[in-house]
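**Q** Mind having a look at this structure? Questions to follow.
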Amino acid sequence: MGKTTTSASIGTGLAQRGHKTVIIDFDVGLRNLDLIMGCERRVVYDFVNVINGEANLKQTLIKDKRVDNLYILPASQTRDKDALTQEGVEKVLDELSEDFDFIVCDSPAGIERGAQMALYFADMAVVVTNPEVSSVRDSDRILGILQSKSRKAEKGEVVEEKLLLTRYNPERVEEGEMLSVEDVKEILAIELLGVIPESEAVLKASNQGSPVILDSDSNSGQAYADAVGRLFGEEIEHRFLDVEKKGFFKRLMGA
Amino acid sequence: MSSSEVCFQLKGSNITSIVLELKQYPSTEFLSQLQDKVSQAPQLFADSAVVISLEKFSPEHTHVDFKPLIADCFEAGLHPMAFRSVDEALLESVKTTGLPALPGAARSASVHAVEADNTPAAELLPNGDGEQVEMTLESPREEEAVEEAVTTIIETRVEIQEKLVHRPAKIIERPVRGGQQIYAEGCDLIVLAQVSEGAEVLADGNIHIYAPLRGRALAGVKGDSNARIFCQQLEAELVSVAGIFILSDELKDKAWKQAAHIQLKDERLTIAQINDK
Ligand SMILES: Nc1ncnc2c1ncn2[C@@H]1O[C@H](COP(=O)(O)OP(=O)(O)OP(=O)(O)O)[C@@H](O)[C@H]1O
Ligand SMILES: [Mg+2]
């Protein structure tokens, strides 16, 4: 859980840094991304319309009103999942890559066709995991699919893989109710891009239709901004990993 | 057929299956004993293909009704697909079940990839990957021709194998993730990264894993009881040599999370810690 939240925030973060970015919703039938990005009322055409040639990209892409360089390609709410064909997706991605610096593909849950379609053309994958055994196990499987069934894998190349651990709750880790960052790193053995704390701010942001990275006062917003920085090779220490122990002085200062 | 397009591709493969070595039958105990075994390792056995071996089976009568046995297998959640090592005298009894009688373990055939054109058999030798498990047949008329081709290949292959002194190990450098399976056919397997929970690595020879083993490792899958498993960190769901296996529960008090060396001694798996001081 947290893939769409992550796609929205990372996509927004890339655009904030001046890179022309499009976020594509691959979750045909659910349409979540446009809600989180607050553009659901502006959806006219969708990804499937473009694939079927019923609309062109220019008519379909929604330009974000807050951040320059940011566009959304919404998913269809009505069509069935088979509407996304590999050839169709490839054509759209090829056209987008002429214009955009980054294409962020928000994958549906699971390891089925929809998810495979979203990862097939990837150069890099950010695997979103929650600190629970079942979630980590699913991520392990998807990593296997990524390195065996993607286009790069078929060409004998390796897709760059990054781990994003979200809904991290240090109190519950300390209580032994959740896996720790170290546990997850040990099981998956891939590079850690970021740890996003569990936070009310995420819910608030999605209710407002604004990606949480724009809430720069919140710790999850800051954690996403750090993750985007690391994508550009910046060395940023991971934050919000430990239970905050408010000392007397800190409490006095209202921190 | 030469001018038209190839209608199908016939690919063979090694499928790991469970062998049920029948000792006594008929028996009123059969189903309950089988269910008991299956319940000990439900994940391993659930919906598994089973080959019924009659190698150790010597009945009093030449006529044995195997149909209830097959029904019992299904009842226990197994899928019998063939008989093996069938004595001449029992052939009739086996035939009535509709399942094929395969040759004994030692002579079992291996992987073949055959295209339905006339490529010379010699060029069709498998590359040792053995990861394809697929069989698509769209034109039944082609069956015969292909069968013939397969036979030729098997023969060619056997000849070549006899001449080979040494087969290089298969080396895997990236993690083997849950849901993936790697098979080193006719050689050793070396894995330089972890084998995740839910992943399976198999070899006809030895298996070396220079990282945690959290999935399943099966060495000597064609019956080589001298095969061994070495791993840097033993956390396996299952280890097996020549079909004899141990599950994680039993492993937990033996070199768990340590570097380990697994081999068969007197038909029992032994697990030793490497560098135990
Ligand atoms: N860091 C977080 N803290 C608190 N809640 C979160 C956090 N990240 C995500 N959530 C909540 O989890 C829920 C699912 O999030 P999201 O839609 O991003 O997941 P998803 O992986 O896209 O789900 P799906 O598989 O349905 O597409 C939402 O209600 C979201 O607000
Ligand atoms: Mg989603």
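**Q** Determine if the range A:87-108 includes at least one residue that is within 14 Å of chain B (Cβ to nearest Cβ) and under 29 Å from A:V181 (Cβ atoms).
**A** Within the range A:87-108 (the criterion being within 14 Å of chain B (Cβ to nearest Cβ) and under 29 Å from A:V181 (Cβ atoms)), the answer is no, since none of the residues qualifies.
**Q** Can you spot a residue in the range A:140-147 that is under 17 Å from A:F26 (Cβ atoms) and away from chain B (no Cβ under 11 Å)?
**A** no
**Q** Same structure, new question: If you go through the range B:181-196, how many residues are touching a helix residue (DSSP H, G or I) at 6+ places or on another chain (Cβ under 8 Å) and surrounded by fewer than 23 Cβ atoms within 10 Å (Cβ to Cβ)?
**A** Matching residues across the range B:181-196 total 1.
**Q** Looking at (1) modelled with pLDDT under 85; (2) closer than 11 Å to B:C73 by Cα, which is the only condition B:L31 fails?
**A** Checking B:L31 against (1) modelled with pLDDT under 85; (2) closer than 11 Å to B:C73 by Cα, the one that fails is (1).
**Q** Related question: Conditions: (1) within 14 Å of another protein chain (Cβ to nearest Cβ); (2) surrounded by fewer than 20 Cβ atoms within 10 Å (Cβ to Cβ). A:L119 meets all but one. Number of the miss?
**A** (2)
**Q** Test B:R177 against the stated conditions and say whether it is within 27 Å of A:G110 (Cα to Cα), buried (at least 19 other Cβ atoms within 10 Å of the Cβ) and more than 14 Å from chain A (Cβ to nearest Cβ).
**A** No.
**Q** State yes or no: is A:V133 within 14 Å of chain B (Cβ to nearest Cβ) and either surrounded by 20 or more Cβ atoms within 10 Å (Cβ to Cβ) or within 30 Å of A:D242 (Cβ to Cβ) (or both)?
**A** For A:V133, the condition - within 14 Å of chain B (Cβ to nearest Cβ) and either surrounded by 20 or more Cβ atoms within 10 Å (Cβ to Cβ) or within 30 Å of A:D242 (Cβ to Cβ) (or both) - is met.
Per-residue answers, yes or no, for (1) more than 14 Å from chain A (Cβ to nearest Cβ); (2) over 19 Å from B:P42 (Cα atoms); (3) not small (G, A, S):
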position	(1), (2), (3)
B:D204	yes, yes, yes
B:L218	yes, no, yes
B:I229	yes, yes, yes
B:L234	yes, yes, yes
B:E237	no, no, yes
B:A242	yes, yes, no
B:I246	yes, no, yes
B:I262	yes, yes, yes
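**Q** Please enumerate the residues belonging to the range A:74-131 that are within 16 Å of ligand 2 (Cβ to nearest atom) and among the charged types (D, E, K, R).
**A** Residues satisfying the conditions are A:K81, A:D106, A:E112, A:R113.
**Q** Another one. Of all residues in the range A:1-50 being acidic (D, E) and away from ligand 1 (no atom under 11 Å from the Cβ), which is farthest from A:P131 (Cα to Cα)?
**A** A:D46
**Q** Starting from residues that are farther than 17 Å from B:E197 by Cα and touching a Phe, Trp or Tyr at 6+ places or on another chain (Cβ under 9 Å), keep the ones in the range B:41-60 and report whichever is modelled with the lowest pLDDT.
**A** Per the stated criteria, the residue is B:P59.
**Q** Follow-up. Please specify each residue of the range A:187-206 satisfying the condition of being away from chain B (no Cβ under 14 Å) and either in contact with a strand residue (DSSP E or B) (Cβ under 7 Å, 6 or more places away or on another chain) or away from ligand 2 (no atom under 16 Å from the Cβ) (or both).
**A** A:L192, A:L193, A:G194, A:V195, A:I196, A:P197, A:E198, A:S199, A:E200, A:A201, A:K204
**Q** In the range A:29-47, which residues are more than 15 Å from ligand 2 (Cβ to nearest atom) and surrounded by 23 or more Cβ atoms within 10 Å (Cβ to Cβ)?
**A** A:D46
**Q** More than 10 Å from chain A (Cβ to nearest Cβ), modelled with pLDDT of 95 or more and surrounded by 18 or more Cβ atoms within 10 Å (Cβ to Cβ): does that describe B:Y210?
**A** no
**Q** Now, a different point. Could you check the range A:1-24 and list, in sequence order, the residues that are more than 10 Å from ligand 2 (Cβ to nearest atom) and β-branched (V, I, T)?
**A** Those that are more than 10 Å from ligand 2 (Cβ to nearest atom) and β-branched (V, I, T): A:I10, A:T12, A:T21, A:V22, A:I23, A:I24.
**Q** Next question. Where in the range A:143-255 are there helices (runs of 4 or more DSSP H), lying wholly inside it, with at least 2 residues that are within 18 Å of A:G11 (Cα to Cα) and in contact (Cβ under 8 Å) with a residue 60 or more places away in the chain?
**A** Of the helices (runs of 4 or more DSSP H) lying wholly inside the range A:143-255, those with at least 2 residues that are within 18 Å of A:G11 (Cα to Cα) and in contact (Cβ under 8 Å) with a residue 60 or more places away in the chain span A:200-208, A:219-231.
**Q** If you don't mind, there's one more thing I want to ask. Hey, does the range A:175-183 have a residue that's surrounded by 12 or more Cβ atoms within 10 Å (Cβ to Cβ), farther than 21 Å from A:D140 by Cβ and touching a helix residue (DSSP H, G or I) at 6+ places or on another chain (Cβ under 6 Å)?
**A** So far as the range A:175-183 goes, no, none of its residues is surrounded by 12 or more Cβ atoms within 10 Å (Cβ to Cβ), farther than 21 Å from A:D140 by Cβ and touching a helix residue (DSSP H, G or I) at 6+ places or on another chain (Cβ under 6 Å).
Per-residue answers, yes or no, for (1) out of contact with any Phe, Trp or Tyr (no Cβ under 7 Å at 6 or more places or on another chain); (2) on the phi > 0 side of the Ramachandran plot; (3) of a type in the set (S, T, N, Q); (4) surrounded by 19 or more Cβ atoms within 10 Å (Cβ to Cβ):
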position: A:D27; (1), (2), (3), (4): yes, no, no, yes
position: A:N56; (1), (2), (3), (4): yes, no, yes, no
position: A:Y71; (1), (2), (3), (4): yes, no, no, yes
position: A:D80; (1), (2), (3), (4): yes, no, no, no
position: A:A83; (1), (2), (3), (4): yes, no, no, no
position: A:Q86; (1), (2), (3), (4): no, no, yes, no
position: A:E95; (1), (2), (3), (4): yes, no, no, no
position: A:D106; (1), (2), (3), (4): no, no, no, yes
position: A:A125; (1), (2), (3), (4): yes, no, no, yes
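**Q** Let me ask something else about it. Taking the residues in the range A:108-131 that are of a type in the set (D, E, K, R) and more than 13 Å from ligand 1 (Cβ to nearest atom) as candidates, determine which candidate is farthest from A:E186 (Cα to Cα).
**A** Selected residue: A:R113.
**Q** Hey, another quick one. Only one residue in A:P170, A:P108 is modelled with pLDDT of 95 or more and under 27 Å from A:V212 (Cα atoms), so which one is that?
**A** Among A:P170, A:P108, only A:P170 is modelled with pLDDT of 95 or more and under 27 Å from A:V212 (Cα atoms).
The values are calculated or read from the model by the stated rules, or taken from the named source; none is laboratory data. Owing to the predicted nature of the structure, the values given are computational and were not obtained by experimental measurement. Neighbour counts run over all protein chains shown; Cβ positions are idealised from the backbone, glycine included.
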